[in-house]
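The values are calculated or read from the model by the stated rules, or taken from the named source; none is laboratory data. Everything numeric in this text was worked out from a predicted model, so none of it was measured. A quick note on method: Cβ atoms are made from the backbone with ideal geometry, for glycine too, and the neighbour counts reach across all protein chains shown.
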Amino acid sequence: MKHVIVVGGGLGGLAVALRLAARGHRVTVCEQHETFGGKMNVWRASGFSFDTGPSLITMPHVFADLFAAVGERMEDHLELMAVHPLAEYVYTDGTRFACSASLPEWLDVVRRLDRRDVDGFFRFMKLGAKLFALSRETFLRRSPLEPPDARTLAALRHLPLRHGWGNYHRTVAAHFRSPYLQQLYDRYPTYVGSSPYESPATLIVIPYLECAFGGWHVRGGLYRIVESLVETARRRAIELRARSRVQRILVENGRARGVQLEDGETLRAEVVVFNGDAACMPQLLGASDGGPAPTERSLSGFVLMLGVRRTLPELNHHAIYFSADYRREFQQLFDERRLPEDPTVYVCAPSRTDRSLVPGEGETLFIMINAPACGERFTADWTNEARARIMRKLKSAGFPEIGDDIVVEDVWTPRRIEATYAMPGGAIYGANSHGWRRAFLRPPNKDRRIAGLYYVGGSSHPGGGTPTVLLSAEITSRLIERHET
Ligand SMILES: Cc1cc2nc3c(=O)[nH]c(=O)nc-3n(C[C@H](O)[C@H](O)[C@H](O)COP(=O)(O)OP(=O)(O)OC[C@H]3O[C@@H](n4cnc5c(N)ncnc54)[C@H](O)[C@@H]3O)c2cc1C
């Protein structure tokens, strides 16, 4: 049995702590904040409940696997609710349609947009399925530094050579003629904070996963996931230390030996797992490093959370109000690093599916646009401008007038995301996935130089987004079992 300190109580930190405790290790989690969950968090006000981070989960079986690994059943803790339709898409020329989770319904829409795209859709999904089959046994299951085993080599035999290795947007354009469908499928790299014009085509696995496994909400809000993991951790005698910011990771003779907290307290351990942004590691090891290059960072976000007193049955659970020129939007986000003039607006109204989130009448609205990861530059002027652009966009798309019905409101800017979660620039997913290197060679789960030091979470391998973070916890706990016991 080893004593493991997990630095950070986000989803990845909690998941790795539970997996390690289930293998008999003594685990301490040090979280700098009062609450656990990191970006997967909650804000409750005047009877409204908001998830402040994730608003949709995919691959629910990955969540079930975590509960199973610690001898529990997910259904005893959480009620998953399928989101239907998956989303409504709204375009600047007035075109709008729902993306149904039912394949026959969705194919009707595709046929109406361009009948030739039905074939393109099947070819696109087949490519996504092949890429998933390949990555499930390789990228998603193993650390990049592990030598391939027989299952990995078998999976590599099925490498889809055509299209799979090209540019994401060009591959979408090669499968869909309808500009509406092109823009719709081009949106998926933003799930990992990246541009479709710069990402590799392998990210087609993301729309495939959503199509194959659906989009899910959790009754009571996604924060129920964190609450149930925290409850389980307490029952398993995992030591959960809130308000415990780690200032330094202690290394002696090339081996991690524990941590020093901000208040000066030292905690000794045999293994340390870091759940924060891997880009912060140099500072935690005492280097006066200037931080990661801004051009490498993933997107940040500007989020408005609005509790409105009026019930709005005309809204869908998820809706996307696209910009007129998607390429220009990403140029402004990544090349010019400024607020897009015409942002794509994402509106999540989870209270449409789950009335437990509102005080009787009303809706909880989570409204988000992509923003450049430039926390320090996101001034009050930018905040006012971002809010105004969102409201203009929604008004022009016929969104119900809610101005007089807003009861509670909270705003998250890249600056706040950066400061709250210690993510340089406010980048939600660590490094972006532009180009092969950054997409597939993320910081590994085991430190290359320091023995006993490991990483878990969205900024390290295999990447961001809640199911991927849970896969990261699985890889990290397996590496610790292999190297430390
Ligand atoms: C607005 C928003 C919307 C999102 N939407 C979705 C979505 O719809 N679907 C989806 O799957 N994902 C979504 N995500 C991404 C998802 O939230 C993350 O990928 C995931 O929650 C990251 O978990 P993590 O454990 O890697 O890191 P984090 O949640 O960042 O947790 C890291 C923890 O470490 C703590 N920490 C850092 N440094 C220290 C230190 N020195 N000492 C002590 N503690 C420290 C932090 O306080 C934090 O609690 C969204 C994120 C945001 C912000």
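Do we find that G24 is small (G, A, S) and either within 16 Å of the ligand (Cβ to nearest atom) or at pLDDT below 95 (or both) in this structure? Break it down stepwise before answering.
Values: small (G, A, S): yes; either within 16 Å of the ligand (Cβ to nearest atom) or at pLDDT below 95 (or both): no.
Here the answer is no, as G24 does not meet what is asked.
Going residue by residue through the range 239-254, is there one that turns out to be more than 26 Å from A419 (Cβ to Cβ) and buried (at least 22 other Cβ atoms within 10 Å of the Cβ)?
Checked the range 239-254: no residue is more than 26 Å from A419 (Cβ to Cβ) and buried (at least 22 other Cβ atoms within 10 Å of the Cβ).
Can you name every residue in the range 81-118 that is surrounded by 17 or more Cβ atoms within 10 Å (Cβ to Cβ), over 23 Å from A397 (Cα atoms) and not acidic (D, E)?
Residue satisfying the conditions is A101 alone.
Which of the residues that make up the range 421-455 are under 22 Å from V42 (Cα atoms) and hydrophobic (A, V, I, L, M, F, W, C)?
A422, M423, A427, I428
Can you tell me how many residues within the range 429-485 are in a strand (DSSP E or B), more than 11 Å from the ligand (Cβ to nearest atom) and crowded, with 20+ Cβ neighbours inside 10 Å? Don't jump to the end; show me each part of the working.
Step one: filter the range 429-485 for residues in a strand (DSSP E or B), giving 431, 446, 451, 453-455.
Add one more test, that the residue is more than 11 Å from the ligand (Cβ to nearest atom), and what stays is 431, 446, 451, 453-454.
Filter once more, so that each one left must be crowded, with 20+ Cβ neighbours inside 10 Å: 431, 446, 453-454.
The total comes to 4.
For V29, are the conditions met, namely being within 14 Å of the ligand (Cβ to nearest atom) and assigned to a helix (DSSP H, G or I)? Give the derivation first.
On the way: within 14 Å of the ligand (Cβ to nearest atom): yes; assigned to a helix (DSSP H, G or I): no.
So V29 does not fit the description; no.
All but one of (1) hydroxyl-bearing (S, T, Y); (2) outside the structural domain of R248 (by TED's automatic domain parsing); (3) over 26 Å from G220 (Cβ atoms) hold for S46; state the number of the condition that does not hold.
(3)
Based on what the data block shows, is A451 more than 20 Å from G12 (Cα to Cα) and not assigned by TED's automatic domain parsing to the domain that holds M368?
yes
Please go through the range 334-365 and pick out each residue that is within 16 Å of the ligand (Cβ to nearest atom), in contact with a helix residue (DSSP H, G or I) (Cβ under 7 Å, 6 or more places away or on another chain) and in a strand (DSSP E or B).
V345, T364
All but one of (1) within 20 Å of V16 (Cβ to Cβ); (2) touching a strand residue (DSSP E or B) at 6+ places or on another chain (Cβ under 7 Å); (3) not small (G, A, S) hold for R236, so report the exception by its number.
With (1) within 20 Å of V16 (Cβ to Cβ); (2) touching a strand residue (DSSP E or B) at 6+ places or on another chain (Cβ under 7 Å); (3) not small (G, A, S) applied to R236, the lone miss is (2).
Looking only at the range 288-312, how many residues end up being under 23 Å from W216 (Cβ atoms) and free of Cβ contacts under 8 Å to residues at least 24 places away in the same chain?
Number of matching residues: 0.
Just give me the residues in the range 32-72 being charged (D, E, K, R) and within 11 Å of the ligand (Cβ to nearest atom), in sequence order.
Correct list: E34, K39, D51.
Just one of (1) surrounded by fewer than 16 Cβ atoms within 10 Å (Cβ to Cβ); (2) modelled with pLDDT of 95 or more; (3) more than 29 Å from R245 (Cα to Cα) trips up V411, so point out which.
Failing condition for V411: (3).
Within the range 194-222, how many residues are part of a loop (DSSP other than H, G, I, E, B) and closer than 26 Å to D325 by Cβ?
Final tally of qualifying residues: 6.
Of all residues in the range 437-468, how many are acidic (D, E) and on the phi > 0 side of the Ramachandran plot?
Number of matching residues: 0.
The conditions are (1) of a type in the set (D, E, K, R); (2) assigned to a helix (DSSP H, G or I); (3) more than 14 Å from G12 (Cβ to Cβ); (4) within 16 Å of the ligand (Cβ to nearest atom), and K393 fails exactly one of them. Which is it?
(4)
Take the residues in the range 417-426 that are more than 10 Å from the ligand (Cβ to nearest atom) and on the phi < 0 side of the Ramachandran plot, then tell me which one is modelled with the lowest pLDDT.
Looking only at the range 417-426, we keep the residues that are more than 10 Å from the ligand (Cβ to nearest atom), and these are 418-419, 424-425.
Among the residues that remain, those that are also on the phi < 0 side of the Ramachandran plot are: 418-419, 424.
Numbers: E418: 93, A419: 93, P424: 90.
For the range 417-426, the residue satisfying everything is P424.
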